[in-house]
Amino acid sequence: MENQVIRCSNFVKIVGMITTAVFGVICIVTLILGYPIAALCFLPFVFLGASLLLVYKKQTIVVDQDKLTFHYIFKKSIEVRFAQIRCLLFIPLGNRTQMALIDRQYQRIVTLDTVFGDLELLFDALGEHDIEIVDFQELVEQKKDVSKYVGTFNTIERNYYKSVVQEREMIENVSANRCGFDVNRAKKILRVLGIVFIILDGIGFVLGGKLMMVLYNVVILGAYALYLWYYPYIYIETKTKKAEEVMLQMPFLGAAIALLLNLITAKTVGFDSADYFKMTFILAAVFLIPFVIKSLKIKAPQRLARKLSVVCSVLFLSFTMVFPINFLLTFEKPTHETIVIIDKDVDTGNSLTDYQLVAMWRGKEKDFNVSKKQYLNTNIGDIRQVCIRQSVLGLEYYNVHE
């Protein structure tokens, strides 16, 4: 049998060539123009492109009559005889699949890089030597003993399949009606409420003002209440096809829209960041109380990562709700202070464009976020009013008007 060489896909070579050429030209031009520091900043991208070309040239799998040889750039080549190999293990990880050669003692010999282009040659060679291909996720779903393979997993693979196993146990509980509710009825309720939440977002956007704030927060808290009610049988994203069919799917879109609109609304005013974050943590602690109670009461399996994800989500929703809550709990009349605009700025550093007016306020230079219309209608030297409000919770917030 003639030796066959498996290289990386042509995509690696093309990206390497383009990256090297483009950033190489940029480095040369910036040097010629007298910007050595800028050229130095672009130089790592030239090395990145060159390394991709080197990977394409040097990182190969050589298929011989009785062995495989894996050549690498920065580490020693590995020779593997077909007689040593028990199987090629497919390890699906969401949208990608890891592949590893497993030896007779169920140890990982080598992990196959996904950048290789013509792995059919390798599969054919393994087939000629009666080496089977094993799909780990199929073994899990068929409830077969997978303990011999798990010992070869890295941390990412192990954590992923802990989640898969947890989902499988949840599916069994749901299928056996051990979860304490009617699953089909719950799915209908979630589907209807998901539509209702989106409609409420639209109504709030049209109404504006305090009613808008009320509706947005009703949607967010309603979605969170649903999650707690059906926890841990409800998921935002499942990991198996079986779970998609059986498990409860979280009506996430309406809450996501409300969270985004809350964030946009909060950007229209200014406030002290320290006070804002302090209130965020207090609010999150309050919202986590019912989750902790529910988590302690249920007997269904709960992974630590699942619990931590709930904590992070509660921190985020609390962050978005601090301003609306303070806005709704503001009852005193606002006070006003006069400022003179000394500069204007447009900040495009994030996904949203911030239009800012700059003025001296309370002894310091201060940037005030304003609408695009107000920004365009204001000139340097104009006099404006800072409208200051304070909620009963103590948060002071302000905006600028004529």
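The values are calculated or read from the model by the stated rules, or taken from the named source; none is laboratory data. Keep in mind it's a predicted model, so treat the numbers as computed, not measured. Cβ coordinates were reconstructed from backbone atoms using ideal geometry, including for glycine residues, and neighbour counts include every protein chain displayed. All accessible areas refer to the heavy atoms of the entire protein, side chains included, with ligands and DNA or RNA removed. Shrake-Rupley method; radii C 1.70, N 1.55, O 1.52, S 1.80 Å.
Some points to look at:
- Scanning segment 164-208 for residues that are without any contact (Cβ under 8 Å) to a residue 40 or more places away in the chain and either open to solvent by less than 50 Å² (accessible area, probe 1.4 Å) or under 28 Å from Gln137 (Cβ atoms) (or both) turns up Val165, Glu172, Ala176, Asn177, Arg178, Asn184, Gly202, Gly208.
- Set side by side, the residues Phe252, Phe271 differ, and just one is open to solvent by 30 Å² or more (accessible area, probe 1.4 Å), in contact with a strand residue (DSSP E or B) (Cβ under 6 Å, 6 or more places away or on another chain) and modelled with pLDDT under 90, which is Phe271.
- Residue check for Lys299: without any contact (Cβ under 8 Å) to a residue 24 or more places away in the chain, charged (D, E, K, R) and in contact with a helix residue (DSSP H, G or I) (Cβ under 9 Å, 6 or more places away or on another chain): no
- Qualifying positions in segment 126-145 - without any contact (Cβ under 8 Å) to a residue 12 or more places away in the chain and hydrophobic (A, V, I, L, M, F, W, C): Leu139
- All positions within segment 44-54 that are open to solvent by less than 70 Å² (accessible area, probe 1.4 Å) and touching a helix residue (DSSP H, G or I) at 6+ places or on another chain (Cβ under 6 Å): Val46, Gly49, Ala50, Leu52, Leu53
- Of the listed requirements (1) part of a helix (DSSP H, G or I); (2) surrounded by fewer than 13 Cβ atoms within 10 Å (Cβ to Cβ), Lys299 misses just one: (1).
- Listed by position, the strands (runs of 3 or more DSSP E) enclosed by segment 333-402 that each have at least 3 residues that are in contact with a Gly (Cβ under 9 Å, 6 or more places away or on another chain) are 335-347, 364-370, 396-401.
- Test: Thr238 is part of a loop (DSSP other than H, G, I, E, B), in contact (Cβ under 8 Å) with a residue 24 or more places away in the chain and open to solvent by 70 Å² or more (accessible area, probe 1.4 Å): no
- Residues (in a helix (DSSP H, G or I) and either open to solvent by 80 Å² or more (accessible area, probe 1.4 Å) or of a type in the set (Ser, Thr, Tyr) (or both)) located in segment 21-35: Val25, Ile28, Thr30, Leu31, Ile32
- Residue match in segment 115-128 (condition: open to solvent by less than 60 Å² (accessible area, probe 1.4 Å), within 21 Å of Asn154 (Cβ to Cβ), in a strand (DSSP E or B) and modelled with pLDDT under 85): yes
- Residue in segment 354-376 that is touching a His at 6+ places or on another chain (Cβ under 8 Å), of a type in the set (S, T, N, Q) and either within 23 Å of Thr265 (Cβ to Cβ) or at pLDDT 85 or above (or both) present: yes
- Any hit, segment 309-325, residues being at pLDDT below 90 and open to solvent by 20 Å² or more (accessible area, probe 1.4 Å): yes
- Count of segment 130-157 residues, restricted to those that are closer than 17 Å to Ala83 by Cβ and either surrounded by 12 or more Cβ atoms within 10 Å (Cβ to Cβ) or small (Gly, Ala, Ser) (or both), is 1.
- Single unsatisfied condition, Tyr161 versus (1) of a type outside the set (A, V, I, L, M, F, W, C); (2) modelled with pLDDT of 80 or more; (3) under 26 Å from the mean Cα position of the chain (by Cα): (2)
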